[in-house]
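Following: one structure in structure tokens, then a few remarks.
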Amino acid sequence: MNKSIIWTVVLCILAGILQSTVLEKIALYGAIPDIALCILIFSAYVNGTMTGQVGGFFSGLFLDFFSVAPLGLNCLIRTIIGAVTGLFKGTFFLDKIFLPAILCALGTIIKAIILFILHLVSGRLIPEYPFLSPVFWVELGMNTIIAPLLFIILIRLPFLRPPKWSNK
């Protein structure tokens, strides 16, 4: 396995632990920022589709054990988001504010759309994630706000970048 995939999974797991312990205590309207999703989005955008898919699958599988959602739900959502984000590798210049905010906002919206569709298909097995609830909007805002800071930190980690990628 590629070292960027392994480090993506490790960082997403650590972020998942942080989210389920510390950040859960300071939730606003029951919403917490999805740091693990933002890390996955960064790694998929920088390293491509394969890193996004595999990193999303394994980090989602581990995060499924932390949640009360059906096994495989986070795995499916994060694999799709990682694959879609990885398609944009090298398409846009990675600035420090706008692109991270846009990517993480879109990732959060895609997560909500997938959950909504799965809820329609499965009924009560998948929890509803309504677009009009404050939880969605607060999480969207938090993910959008923390994304630039998180990307600035992650861009400095050499093990999350491809070997010939320069940090300018």
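The values are calculated or read from the model by the stated rules, or taken from the named source; none is laboratory data. Please read these numbers as outputs of a predicted model, since none were measured by experiment. Please note: Cβ atoms are built from the backbone with ideal geometry, for glycine as well, and neighbour counts cover all protein chains shown.
Key figures for this structure:
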read-out: Matching residues, the stretch 136-168, being at pLDDT 85 or above and more than 20 Å from Thr8 (Cβ to Cβ); value: Phe136, Trp137, Val138, Glu139, Leu140, Gly141, Met142, Thr144, Ile145
read-out: Whichever residue in the stretch 17-38 is of a type outside the set (A, V, I, L, M) and not in a helix (DSSP H, G or I) and, among such residues, is nearest to Gly86 (Cα to Cα); value: Asp34
read-out: All positions within the stretch 20-58 that are hydroxyl-bearing (Ser, Thr, Tyr) and at pLDDT below 90; value: Ser20, Thr21, Tyr29
read-out: Residue tally, condition aliphatic (A, V, I, L, M), within 13 Å of the chain's Cα centre (by Cα) and over 24 Å from Phe92 (Cα atoms), over the stretch 15-54; value: 2
read-out: Residue selected from the stretch 1-28 under the condition over 13 Å from Gly60 (Cα atoms) and of a type outside the set (A, V, I, L, M, F, W, C), by the criterion surrounded by the most Cβ atoms within 10 Å (Cβ to Cβ); value: Ser4
read-out: Test: Gly90 is farther than 18 Å from Ala44 by Cβ and either of a type outside the set (D, E, K, R) or without any contact (Cβ under 8 Å) to a residue 60 or more places away in the chain (or both); value: no
read-out: Cross-chain or 6+ apart pairs with Cβ under 8 Å, the stretch 123-135 first and at pLDDT below 85, then surrounded by 12 or more Cβ atoms within 10 Å (Cβ to Cβ) and outside any helix (DSSP H, G or I); value: Leu125/Pro70; Ile126/Ala69; Ile126/Pro70; Pro127/Ala69
